[in-house]
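Have a look at the structure below, then the notes.
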Amino acid sequence: MGNTAPIFAASMECVEGRVPQITVICAVKAEEDCHSFQEQLDFGDSLPEHFRVIHMPDFEMVVEALNSETSYDVILLDLLLDAPEGVDTLENLRKLAPYLPIIVFSEVNDMDLAIDALGRGADDFLPREYIDYPQLVARSVFTVIERRKQDLDKRVLQDQLIQAEKLDSLGRIAAGVAHEVKNPLATVQMAMAYISTLVPDVEDPQFGEACELATTAINRASEIISGMVDFSRNDCVAIKNGSLNDVVVKSVDLLRYEINKNKTTVHLNLDPSLPASEFDIGKMEQILINLIRNSIQAMQSCDKVIHLSTFVVSPEKRENSPWLQELAVKTGSATLIALEIRDEGPGIGDQKPAALFEPFFTTKRIGEGTGLGLSVVMQIVSRHNGLIRLKNMKNPSGLRTRIYFGVPPVTTTLSPPETQTLMKT
Amino acid sequence: MKKKSILIIDDEASFARMTKIFLEGKGDYDVSYETESMKAVETTRSTNPDLILLDLVMPELDGGDVLARFNDDPVLKSIPVLFVTSMVSQDDTSDDSLVQSGDNIMIPKTSPPEFVHQCIQDKLAGVI
Ligand SMILES: Nc1ncnc2c1ncn2[C@@H]1O[C@H](COP(=O)(O)OP(=O)(O)OP(=O)(O)O)[C@@H](O)[C@H]1O
Ligand SMILES: [Mg+2]
């Protein structure tokens with residue numbers, strides 16, 4: 001999927017500790033053309049980027065590549081690749097990879113053709129007579145990638161805004177509905193409790209079962225309503241100074257029963273040098289509980305491991321990520337910290353991460369999930385100006401959820417190391 | 001043993017009535033209710049209950065206001081009060097499903113009725 005599903009950019013993570021590499025699909029017929037592109041891109045060792053040019057002389061290969069797990073940064077498309085379909089090929093590619101930069105390469109330098117190609121989704125137009133022009137190809141590649149990245153940032157920001165607004169109005173409706181519905185529910189609960197006491201006196205053999213079913217159903221409805229109230233309450237963010245590590249330990253304790261019952265192992269890897277920060281302790285616990293619960297539920301079978309870690313985001317990682325840079329600016333933080341939960345479940349597949357955060361989105365059976373867990377997480381994280389990233393992992397497969405927070409400069413560093421927890425449970 | 005008397009102050013008549021039926025079904029209580037919070041003090045004086053179940057969210061006087069009036073009265077002040085409210089959910093009450101606000105205990109309205117009953121017993125016994 002890589003480049004094709006960037007909403008909430010689940011898979012857009014910076015490569016850590018390596019020279020950035022730009023992978024180019026070179027969709028040209030002739031091998032020599034591909035070589036000359038590679039030469040053009042390798043025009044000097046002065047660039048920190050390293051180009052990997054992959055020759056794909058026919059359209060099917062490109063399609064296959066785009067549908068694979070590998071992610072690519074840019075396509076150089078020869079209009080003759082699939083002649084005479086030329087620009088149609090471009091349109092098809094665009095549909096396949098809506099967000100991947102495509103540079104069109106053409107034998108002829110024709111203005112009308114260039115305009116046509118750009119109109120159909122090309123990011124740049126490169127006629128053959130220019131490709132030997134020093135640095136031009138590289139410049140084009142950089143420009144289109146950068147432009148796409150900015151678009152992506154904008155789009156994600158918009159998505160988040162829309163998401164926040166939706167949650168907000170839903171929250172208000174939920175609060176109203178929940179409040180109105182609670183009284184009648186409570187009345188029915190009382191009634192069922194009373195009626196159930198009559199079971200021994202009633203002759204009908206089904207009466208007892210009917211009472212049980214009704215009681216279970218009404219209790220379930222009450223739970224959902226309570227969940228909605230939790231979700232909709234936007235008041236009490238009680239910000240205090242505290243240690244994220246302590247919250248992690250406490251949350252694991254709270255869930256000890258479920259963890260043991262599912263024979264799940266929890267590994268804690270908490271950074272002892274994590275600075276204290278300001279947050280709502282109760283809400284932060286809620287985040288952890290919801291995430292850990294999801295992981296336990298995702299792993300089903302026993303003997304699997306959940307890794308919970310906290311760490312300080314390294315300056316290099318931050319440099320490499322426009323998201324993290326923006327987060328630092330937005331929160332006025334010199335330091336960014338992260339909370340990570342990594343499980344060994346099936347991950348989220350091709351599911352768009354944004355969908356999971358929708359209230360009431362669930363893939364669980366009725367009675368097992370209401371689909372509010374992650375929307376609550378999202379809401380709390382955004383109240384704390386944080387950032388969530390989901391990523392499917394391999395070996396072993398699983399979901400990695402990272403939440404980043406800024407640490408405003410005023411906060412002092414945390415209690416001495418002996419109170420820190422670095423333990424394996 | 002003499003039955004304990006309980007007064008429910010709740011604007012939701014059907015909830016109040018159902019709670020009365022439920023609790024009286026237990027055999028240990030005489031239950032009455034008042035649905036107009038303005039009349040709460042008056043009714044409490046005339047019934048002189050052993051315990052009050054007080055709704056928090058009500059029009060006109062809310063539960064807090066009613067409690068304040070009780071506290072201004074030397075006799076009513078000593079009657080134990082349990083808040084029953086739709087504002088707290090079970091989750092908030094994380095530790096043991098009871099939220100303490102000052103000396104007053106709040107029970108979520110949607111708690112299982114047996115839990116409400118348990119709270120009433122405990123309150124009457126003076127253990128919470
Ligand atoms: N760790 C995970 N691994 C795989 N899928 C997950 C994971 N966490 C969440 N999901 C998917 O996201 C969906 C939404 O999660 P969310 O927590 O919002 O709701 P839920 O768990 O279904 O219900 P609730 O949390 O209200 O009990 C889940 O139904 C599941 O499909
Ligand atoms: Mg969940």
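The values are calculated or read from the model by the stated rules, or taken from the named source; none is laboratory data. Just so it is clear, the model here is predicted, and its values are computed rather than measured. Glycine gets a Cβ as well: all are built from the backbone with ideal geometry, and neighbour counts include every protein chain shown. Surface areas here come from the heavy atoms of the whole protein model, side chains and all, with no ligands, DNA or RNA. Shrake-Rupley method; radii C 1.70, N 1.55, O 1.52, S 1.80 Å.
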Taking residue A:339, is it more than 14 Å from ligand 2 (Cβ to nearest atom), part of a strand (DSSP E or B) and in the same structural domain as residue A:304 (by TED's automatic domain parsing)?
-> yes
Go through the stretch B:66-76 and count every residue that is surrounded by fewer than 14 Cβ atoms within 10 Å (Cβ to Cβ) and either touching a residue at least 24 places away in the same chain (Cβ under 8 Å) or closer than 22 Å to residue A:180 by Cβ (or both).
-> 2
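Let's see how each residue does on (1) away from chain B (no Cβ under 14 Å); (2) open to solvent by 60 Å² or more (accessible area, probe 1.4 Å):
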site	(1), (2)
A:112	yes, yes
A:121	yes, no
A:182	no, no
A:197	no, yes
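Filter the stretch B:25-41 for residues that are at the interface with chain A (Cβ under 9 Å from one of its Cβ atoms) and without any contact (Cβ under 8 Å) to a residue 40 or more places away in the chain and give the result. Spell out how you get there, then give the answer.
Step one: list which residues in the stretch B:25-41 are at the interface with chain A (Cβ under 9 Å from one of its Cβ atoms), which gives B:25-26.
The one that is at the interface with chain A (Cβ under 9 Å from one of its Cβ atoms) and without any contact (Cβ under 8 Å) to a residue 40 or more places away in the chain: B:25.
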When both residues are 6+ apart or on different chains and their Cβ atoms are under 9 Å apart, which pairs have a first residue that lies in the stretch A:270-298 and is within 14 Å of chain B (Cβ to nearest Cβ) and under 19 Å from residue A:400 (Cβ atoms), and a second that is more than 9 Å from ligand 1 (Cβ to nearest atom) and charged (D, E, K, R)?
-> A:288/A:250; A:293/A:258
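Any idea which of A:155, A:147 is more than 14 Å from chain B (Cβ to nearest Cβ) and under 24 Å from residue A:381 (Cβ atoms)? Even if it seems obvious, please write down each step before you answer.
Details: A:147 fails: under 24 Å from residue A:381 (Cβ atoms).
Exactly one residue qualifies, and that residue is A:155.
Give me the residue from the stretch A:199-210 that is surrounded by 13 or more Cβ atoms within 10 Å (Cβ to Cβ) and away from chain B (no Cβ under 13 Å) and, out of that set, farthest from residue B:108 (Cα to Cα).
Kept after step one, since they are surrounded by 13 or more Cβ atoms within 10 Å (Cβ to Cβ), are these residues of the stretch A:199-210: A:199, A:202, A:207-208, A:210.
After this cut, where a residue has to be away from chain B (no Cβ under 13 Å) as well, the list is A:202, A:207-208, A:210.
On the way: A:202: 31, A:207: 28, A:208: 27, A:210: 25 Å.
Only one residue tops the list, namely A:202.
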Do the conditions hold for residue A:289, that is, is it of a type outside the set (Asp, Glu) and at pLDDT below 90?
-> yes
Which one of A:259, A:296 is aliphatic (A, V, I, L, M), under 22 Å from the mean Cα position of the chain (by Cα) and within 16 Å of ligand 2 (Cβ to nearest atom)?
-> A:296
For residue A:363, state whether it is within 14 Å of ligand 2 (Cβ to nearest atom), modelled with pLDDT of 85 or more and assigned to a loop (DSSP other than H, G, I, E, B).
-> yes
Is there a residue in the stretch A:266-286 that is open to solvent by less than 40 Å² (accessible area, probe 1.4 Å), among the hydroxyl-bearing types (Ser, Thr, Tyr) and within 16 Å of ligand 1 (Cβ to nearest atom)?
-> no
Does the stretch B:37-61 hold any residues that are surrounded by fewer than 16 Cβ atoms within 10 Å (Cβ to Cβ), in contact with a helix residue (DSSP H, G or I) (Cβ under 8 Å, 6 or more places away or on another chain) and not basic (Lys, Arg), and which are they?
-> B:59, B:60
Do we have any residue at all in the stretch A:346-360 that's part of a loop (DSSP other than H, G, I, E, B), within 12 Å of ligand 2 (Cβ to nearest atom) and either charged (D, E, K, R) or free of Cβ contacts under 8 Å to residues at least 40 places away in the same chain (or both)?
-> yes
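Out of all the residues in the stretch A:366-380, which are within 8 Å of ligand 1 (Cβ to nearest atom) and either open to solvent by 30 Å² or more (accessible area, probe 1.4 Å) or outside any loop (DSSP other than H, G, I, E, B) (or both)? Outline the logic, then answer.
In the first step, residues of the stretch A:366-380 are kept if they are within 8 Å of ligand 1 (Cβ to nearest atom); the result is A:368-377.
Once the filter is applied, which keeps residues that are within 8 Å of ligand 1 (Cβ to nearest atom) and either open to solvent by 30 Å² or more (accessible area, probe 1.4 Å) or outside any loop (DSSP other than H, G, I, E, B) (or both), the stretch A:366-380 yields A:368, A:370, A:373, A:374, A:375, A:376, A:377.
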Just need a number here: residues in the stretch A:331-346 that are open to solvent by less than 40 Å² (accessible area, probe 1.4 Å) and more than 11 Å from ligand 1 (Cβ to nearest atom).
-> 7
Across the stretch A:295-317, what is the number of residues that are more than 16 Å from ligand 1 (Cβ to nearest atom) and part of a strand (DSSP E or B)?
-> 3
Looking at the stretch A:251-269, which of its residues are within 21 Å of residue A:404 (Cβ to Cβ) and assigned to a helix (DSSP H, G or I)?
-> A:251, A:252
Taking the stretch B:1-24, which residues are at the interface with chain A (Cβ under 10 Å from one of its Cβ atoms) and not small (Gly, Ala, Ser)?
-> B:10, B:11, B:12, B:15, B:17, B:18, B:19, B:20, B:21, B:22, B:23, B:24
Residues of the stretch A:347-365 being open to solvent by 50 Å² or more (accessible area, probe 1.4 Å) and more than 6 Å from ligand 1 (Cβ to nearest atom), which ones?
-> A:350, A:351, A:352, A:358, A:360, A:365
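Results for (1) out of contact with any strand residue (DSSP E or B) (no Cβ under 9 Å at 6 or more places or on another chain); (2) at pLDDT below 90; (3) away from ligand 2 (no atom under 16 Å from the Cβ), shown as yes or no for each residue.
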{"position": "A:272", "(1), (2), (3)": "yes, no, yes"}
{"position": "A:311", "(1), (2), (3)": "no, no, yes"}
{"position": "A:325", "(1), (2), (3)": "yes, yes, yes"}
{"position": "A:334", "(1), (2), (3)": "no, yes, yes"}
Taking the stretch A:194-245 as the search range and keeping residues that are among the aromatic types (Phe, Trp, Tyr) and at pLDDT 90 or above, which one is nearest to residue A:378 (Cα to Cα)?
-> A:194
If you take the residues in the stretch B:83-121 that are at pLDDT 65 or above and open to solvent by 40 Å² or more (accessible area, probe 1.4 Å), which one is farthest from the other protein chains (Cβ to nearest Cβ)?
-> B:121
Per-region count, the stretch A:171-180, residues crowded, with 16+ Cβ neighbours inside 10 Å and more than 7 Å from chain B (Cβ to nearest Cβ) | 4
